[in-house]
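One structure below.
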Amino acid sequence: MIAILDYCAGNIRSLINALEQVKARTVLTLDPEVINQCTHLIIPGVGSFGFASDYLMKNNLFPTIHEFNKNKKPILGICLGYHLLQQIGFEDGEHPGLGLLPGTVNRLSEQCRPLPHIGWNDLIIPKSMVQHPLFNNIKNHQFYFAHSYYVGYTNEIPTCAHTRYQDFLFTSLIINDNIIGVQFHPEKSHHQGLTLLENFTKM
Amino acid sequence: MIRINNFRIIARLDIKNEYVIKGIHLEGLRKVGNPYELACKYYQDGADEIILNDTVASLYGRNNLFDVLKKSCEKVFIPIIIGGGLRSLADVEAALEAGADRVFINTGLIKNPKLIIDITKRYGSQCLSCSIEAKALTSKKWSVYYDCGREDSQLDAMEWIKQVQDLGVGEILLTSIDNEGTKNGFEIPLYEAASKVAHIPIIASGGAGRIEHIISMFKSGLVRGIALASILHYNISTISDIKKELIN
């Protein structure tokens, strides 16, 4: 059973539909006990970092998610959900993230015009990552993006894929052991997105 | 399936009651199909996004599109953008809850521009498009209309673009009332003027009747996407054929 974190984060319906399409069983929940019993956790997200971070704290979900991670169960963060996995977010002030990944969330440079970055774009995947089970049966590496913020990492992380918008290169996917973060929306990325979600559910 | 980086071909479904309809200059509406079936068809054919526009909601102050939306997003795994009659943060919340990925608002923002701040603070800029229906006053000046092109707001279109983008809107869906439904091509001067003031993406809507219109708009680099209706609904061309031409 896959827990989808229910924190009023926008297009959750699309994500549930996408997971049902690939025959996954899901539960939309905020209940720590229910989350604990699940095999996978997805943190979805359309929204602002500050609002989401406050909401998770108010509902005391940081310890629950940390516990889930300690048990090495697969976690997928999508867009804002990916941002929340990081140390700090600088959207609407400074807010703490879950700290499961070492990045910071910043606004895309004003050189990236127009902003937000909306539309389909390529993932540039290093050779070392192409064989990862997450990419099984995925031939087209174009996915759908809709964001104004991105995650920056101070140190080079080898298990990352990147995307170029105008002349700016940012990390669009990271695999760190049991934790996966994606800047794009697999639930909105046609066949390749559905396959990526299916591959995640099999991890 | 062809995807062009950072350029979207969007299928626009204008809906009245249970039907997709199409008019000329946003008037004289004809039924052209079932919204759910057309959404699925355009999804299968490679559309990058689907727009569902409730054409009567802003006139009658209601929204009857959520049933179509709920059903469509069970089978359509690309973004669905919904609009028509949304007036409050609660309306937007309900639209996202029903499966929309983004909303566009015209009348609601003209009547209450501060709504932009409420929506984008909660859901981010990328979640809100401002729909602008522009009618030419001169060759360099456009007025902003609302209620499906029926009412003149007296706002200058370029000033309105500046205002909504400063308030935080993430995109402009810019419809040319003069060219809408005519199949005579896009109103290029409108998009030239808009691209000079906008630093957010612009989607062009209104006038595409032949593939050449789409190719020249794409090559101009003025906009980040094109919303298509007549050309698709009347089977003049298909999305996959259009994209093949664009990458050639």
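Here is how the numbers come out for the structure above:
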read-out	value
The range A:149-161 - residue that is surrounded by 14 or more Cβ atoms within 10 Å (Cβ to Cβ) and out of contact with any strand residue (DSSP E or B) (no Cβ under 6 Å at 6 or more places or on another chain) and, of those, nearest to the other protein chains (Cβ to nearest Cβ)	A:Tyr153
Leading residue by the ranking (farthest from the other protein chains (Cβ to nearest Cβ)) among those in the range A:167-191 that are touching a Phe, Trp or Tyr at 6+ places or on another chain (Cβ under 7 Å) and surrounded by fewer than 24 Cβ atoms within 10 Å (Cβ to Cβ)	A:Thr171
Whichever residue in the range B:1-46 is over 22 Å from B:Ala134 (Cβ atoms) and within 15 Å of the chain's Cα centre (by Cα) and, among such residues, is farthest from the other protein chains (Cβ to nearest Cβ)	B:Val20
Checking A:Arg164 against (1) surrounded by 23 or more Cβ atoms within 10 Å (Cβ to Cβ); (2) facing chain B (nearest Cβ under 9 Å); (3) in a strand (DSSP E or B), the condition it does not meet	(1)
Any hit, the range B:164-172, residues being open to solvent by 30 Å² or more (accessible area, probe 1.4 Å), without any contact (Cβ under 8 Å) to a residue 24 or more places away in the chain and over 22 Å from B:Ile21 (Cβ atoms)	yes
Number of positions in the range B:88-97 that are crowded, with 20+ Cβ neighbours inside 10 Å and either at the interface with chain A (Cβ under 8 Å from one of its Cβ atoms) or in contact with a His (Cβ under 9 Å, 6 or more places away or on another chain) (or both)	1
Scope the range A:29-54; condition surrounded by fewer than 17 Cβ atoms within 10 Å (Cβ to Cβ) and either within 14 Å of chain B (Cβ to nearest Cβ) or on the phi > 0 side of the Ramachandran plot (or both); matching residues	A:Gly50, A:Asp54
Extreme residue, farthest from B:Phe77 (Cα to Cα), among residues of the range A:83-138 that are more than 10 Å from chain B (Cβ to nearest Cβ), open to solvent by less than 10 Å² (accessible area, probe 1.4 Å) and assigned to a strand (DSSP E or B)	A:Gly89
Only one of B:Gly46, B:Gly85 that is more than 25 Å from B:Asn235 (Cβ to Cβ), open to solvent by less than 40 Å² (accessible area, probe 1.4 Å) and in a loop (DSSP other than H, G, I, E, B)	B:Gly85
Test result for B:Ala193, among the small types (Gly, Ala, Ser) and closer than 19 Å to B:Asp152 by Cβ	yes
Residues of the range A:18-28 satisfying the condition of being open to solvent by 10 Å² or more (accessible area, probe 1.4 Å) and either under 26 Å from A:Glu91 (Cβ atoms) or not acidic (Asp, Glu) (or both)	A:Gln21, A:Val22, A:Lys23, A:Ala24, A:Arg25, A:Thr26, A:Val27, A:Leu28
Condition check for A:Lys58: open to solvent by 10 Å² or more (accessible area, probe 1.4 Å) and either aromatic (Phe, Trp, Tyr) or in contact with an Asp or Glu (Cβ under 9 Å, 6 or more places away or on another chain) (or both)	no
Enumeration of residues in the range B:12-42 that are open to solvent by less than 70 Å² (accessible area, probe 1.4 Å) and closer than 22 Å to A:Asn140 by Cα	B:Cys40, B:Tyr42
Of all residues making up the range B:130-173, the number that are assigned to a strand (DSSP E or B) and either out of contact with any Pro (no Cβ under 9 Å at 6 or more places or on another chain) or more than 14 Å from chain A (Cβ to nearest Cβ) (or both)	22
Any hit, the range A:68-80, residues being more than 15 Å from the chain's Cα centre (by Cα) and facing another protein chain (nearest Cβ under 10 Å)	no
Filter result (within 9 Å of chain B (Cβ to nearest Cβ) and not polar (S, T, N, Q)) within the range A:17-28	A:Ala18, A:Glu20
Top-ranked residue of the range B:102-115 - restricted to ones that are within 17 Å of the chain's Cα centre (by Cα) and in a helix (DSSP H, G or I), ranked as surrounded by the fewest Cβ atoms within 10 Å (Cβ to Cβ)	B:Ile110
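The values are calculated or read from the model by the stated rules, or taken from the named source; none is laboratory data. Predicted model, so just to flag it, every value in this text is computed and none were measured. Every residue, glycine among them, receives a Cβ derived from its backbone with ideal geometry; neighbour counts consider all protein chains shown. Just so you know, the surface numbers come from the protein's heavy atoms only, side chains and all, with ligands and any DNA or RNA stripped out. Shrake-Rupley method; radii C 1.70, N 1.55, O 1.52, S 1.80 Å.
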